[in-house]
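Report on the structure given below.
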Amino acid sequence: MLVEEKDQTDRREQELQALVSERTADLQRLQAEYVNYKKRVDRDRAHARQAGVESVVTELLPVLDSIDMARQHDDLGDGFKLVAEALEKLAGKHGLHGFGEVGDPFDPKRHDALMQVPMDGVEVTTCSQIMQRGYELHGRVIRPARVAVAEPN
């Protein structure tokens, strides 16, 4: 009888051990799924926030273009100059940066060439005139600069 009870106890212990192993594996799997879910939700939230910022900033580009044009013609009054600077500072805070300067080497990923003129003294294709500044948001071009390029002779 004692041997039989010991066998039953051993079987019961093995069953319990298997059950513990199964539950531990289930718990580990659920924990991994939760961690992955949390990462995915955080990533999706960051993408949604970025898309919202990009949407607003894209709609502000014509305003920034108007400020640029007014600045080129020295048409910014003292009061409006402060508003323009505050708007540009706010856009920069959210990762928007303008680019496109005369003399920049032409980069087809960042510039749209609207005109091409051969020019002496130029060694590489260079931006000779900026018609509209380009903008990038967190390092990604959201609008290329529209430029005239000078080609080497």
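The table that follows gives values for the structure above.
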quantity: Residue within segment 68-83 that is closer than 25 Å to M131 by Cα, touching a strand residue (DSSP E or B) at 6+ places or on another chain (Cβ under 9 Å) and surrounded by 10 or more Cβ atoms within 10 Å (Cβ to Cβ) present; calculated: yes
quantity: Subset of segment 100-114 (residues that are assigned to a loop (DSSP other than H, G, I, E, B) and farther than 19 Å from T58 by Cβ); calculated: E101, V102, G103, D104, F106, D107, P108
quantity: Residues that are open to solvent by less than 100 Å² (accessible area, probe 1.4 Å) and among the charged types (D, E, K, R), drawn from segment 6-32; calculated: D7, D10, E22, D26
quantity: Close pairs (8 angstrom Cβ cut-off, 6 or more residues apart or separate chains): free of Cβ contacts under 8 Å to residues at least 60 places away in the same chain and within 13 Å of G98 (Cβ to Cβ) in segment 62-81, among the hydrophobic types (A, V, I, L, M, F, W, C) and not in a helix (DSSP H, G or I) anywhere; calculated: I67/L76
quantity: Boolean, V3 is surrounded by fewer than 10 Cβ atoms within 10 Å (Cβ to Cβ) and either of a type in the set (A, V, I, L, M, F, W, C) or over 24 Å from L137 (Cβ atoms) (or both); calculated: yes
quantity: Selection within segment 123-146 - more than 22 Å from the chain's Cα centre (by Cα) and open to solvent by less than 30 Å² (accessible area, probe 1.4 Å); calculated: T126, C127
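One line per residue, one yes/no per condition, for (1) within 18 Å of E54 (Cβ to Cβ); (2) in a strand (DSSP E or B); (3) among the basic types (K, R):
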| position | (1), (2), (3) |
| --- | --- |
| G98 | yes, yes, no |
| Q116 | no, yes, no |
| E123 | no, no, no |
| Q129 | no, yes, no |
| Y135 | yes, yes, no |
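The values are calculated or read from the model by the stated rules, or taken from the named source; none is laboratory data. This one's a predicted model, so the numbers in the text were calculated from it and none came from an experiment. A quick note on method: Cβ atoms are made from the backbone with ideal geometry, for glycine too, and the neighbour counts reach across all protein chains shown. Ligands, DNA and RNA are stripped out before the accessible areas are found, and what is left, the full protein with its side chains, is counted by its heavy atoms. Shrake-Rupley method; radii C 1.70, N 1.55, O 1.52, S 1.80 Å.
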